[in-house]
Amino acid sequence: MQFQISEELIDKIQYLIEQGNDEELLLHLEDVHHADIAEILTEINLEEATYIVRLLDSEKTAEALMELEENVRERILENLSPSEIASELNEMDTDDAADIISELSPELQQNVIAEIEDEEHADHIVELLRYDEDSAGGLMAKELVKVNENWSVTGCMAEMRKQAENVTRVHSIYVVDSKNKLKGRLSLKDLLTASSNANISDVYIPQVDYVNVHTEGDEVARIMQKYDLEAIPVVDEMNRLVGRITVDDILDFVREEAEKDYQMAAGISEDLEADDNIFKQTRARLPWLMIGMFGGLGAASIISGFETILTTYPNLLVFVPLIQATAGNVGVQSSAIIVQGLANDSLRGNILSRLLKEFGLALINGTSIAIIVFAISSYFFGTTIQESISIGVALISVIVLAALIGTFIPIILNKNNIDPAVATGPFITTSNDVFGILTYFLIAKAILGF
């Protein structure tokens, strides 16, 4: 049954905190899932959330902290002492602990690491902090189960049980040599059915997918998706096994990247949360709005430059919003498809073949729209045949141009190691508005004889 967090429950928890009734509060929260604990921490104020984190067992609150939005977690951690934070980190896998540590100030990081009782755990966290957070090294956890190829089947069981105590989920058993170099993987079925006198070298599977510590997170996600992996081992430059990445970690990474791309496509230049302060939101949103403003001013100046033709054919001005909207929509559609293809590594062919394909598609779409607009403009707006023809031809040209821009720009940005997601938002819309208006009036001027 799904746990329901009602207003009555929140009021009850707040009342028990106010009364200092720890015993009854523990009874209310004893069997609550850590994800629901995280939701409760979000609903109450900072002091109350800190109170609960200090009260509950660190094993449960550690998991709850990982479920929180980063800004909420950051405020709670600021209220905890280094030793209290270290207690939470002791219960986390190394990758989660490293993520938490990375959010702290450098001074607090040192103080917290010094308070971690398990020296090996602390060393692993420090090691992970050396890697870029979006690389395989930054995403991996140190906890895993591995066996030596020279061990006997019987002899490795005790060591595997010992290692498994520190692993939340055992997805795979990896095989290494005496120098800790990755050799392959071990099937649990093969292990159970093998002769007790056999060596691991006789039963392990040498084929194993793996990534390097410096492999980018996007590439890790692509490999795990392609081969439907629940976990993938990570090796260093000498092919030594140093960690593993599980599917839940890569899903978190993909979700965060999707959120960043979505915000970037909407014209937001940095990661934002809904309750971030006004200054941070303004700093992230204003730059693209300024670009859009200058784009609008550019379009306005283009229109003013064709004042003579507008005086003679005022109906042309009526269709300016149509030209702008169509150009923007087509550009965003084309760029969105390209960005998705780049992200999924499913884009095939060279730039020329991709542009030719978009040209053909845009020509069909543009002609279809132009025919409809031609009929409507003549019947409802009273435009002349020449005006309707100029509007139709301009629409076809604008749609083709917008499709080519929307296709070309993301590919070029990607080739220059710039996130192509920037091309799906105001950048494409604004550029197509300007080029669309210019194309519209140049074609109208040519057809109408100005």
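Structure notes:
- For the range 76-129, the extents of the C-alpha atoms along the principal axes are 26, 18, 16 Å, listed from largest to smallest.
- Computed over the chain, the Cα gyration tensor eigenvalues convert (square root of 5λ each) into semi-axes of 56, 31, 18 Å, ordered from largest to smallest.
- Hull-based mean projected area of the range 148-262, where the convex hull spans the alpha carbons, in square nanometres: 7.7
- For the range 361-446, Kirkwood radius (reciprocal of mean inverse C-alpha pair distance, Å): 14.0
- For the range 184-240, the Rg and Dmax computed from alpha carbons only, in angstrom: 14.1, 43
- Descending Cα extents along the principal axes, the range 57-182, whole Å: 51, 31, 25
- Acute angle (nearest 10 degrees) that the helix 351-380 long axis makes with the longest principal axis of the chain, alpha-carbon atoms: 50
- Our summary gives the range 114-235 a relative contact order of 28 percent, counting only alpha carbon pairs under 8 angstrom and 6 or more residues apart.
- With each label modelled as a point 7 angstrom along the Cα→C-beta vector, the Ala325-Ile205 pair spans 5.5 nm.
- Backbone amide hydrogens, once placed in the peptide plane, bring Gly184 within less than 5 Å of Val175, excluding anything fewer than 5 places away on its chain.
- DSSP-loop GluC sites (Glu not before Pro) across the range 106-203, with at most 12 other Cβ within 10 angstrom: Glu117, Glu165
- For the chain, the relative contact order is 11 percent, taking Cα pairs closer than 8 Å that sit 6 or more residues apart in sequence and dividing their mean separation by the residue count.
- Proportion of all alpha-carbon pairs of the range 31-107 beyond 22 Å (%): 11
- Short to long, the 10 Å bins of the Cα pair-distance histogram for the range 306-450 hold 12, 39, 28, 15, 5, 0 percent of all pairs.
- Whole-Å distance, taken between Cα centres, linking the range 20-57 and the range 215-231: 36
- For GluC sites (Glu not before Pro), the sites in the range 1-70 that DSSP calls loop and that have at most 14 other Cβ atoms within 10 Å are Glu30, Glu69.
- Distance histogram for the range 346-410 (every C-alpha pair counted, 10 angstrom bins, percent rounded to whole numbers): 23, 40, 23, 12, 3
- Between 0 and 90°, nearest 10: helix 46-55 axis offset from the chain longest Cα axis: 30
- Taking every C-alpha pair closer than 8 Å and separated by at least 6 residues, the mean separation divided by the residue count of the range 1-103 gives a relative contact order of 24 percent.
- Student exercise, the chain dipole from Lys, Arg, Asp, Glu Cβ charges, in Debye to nearest 20: 3800
- Angle in degrees between helix 320-344 and the longest Cα principal axis of the chain, rounded to the nearest 10: 30
- Partner lysines for Lys162 [C-alpha distance under 24 Å; skip if fewer than 8 residues away on the same chain]: Lys60, Lys142, Lys146, Lys179, Lys181, Lys183, Lys189
- Qualifying trypsin sites (Lys or Arg not before Pro) for the range 105-202 [loop in DSSP, other Cβ within 10 Å: at most 14]: Arg130, Arg169, Lys179
Bear in mind these aren't lab numbers, they're just calculated from the coordinates by the rules spelled out. These figures come from a predicted structure and were not determined experimentally. Methodologically, a virtual Cβ is constructed for each residue, glycine included, from the backbone with ideal geometry; neighbour enumeration extends over all protein chains shown.
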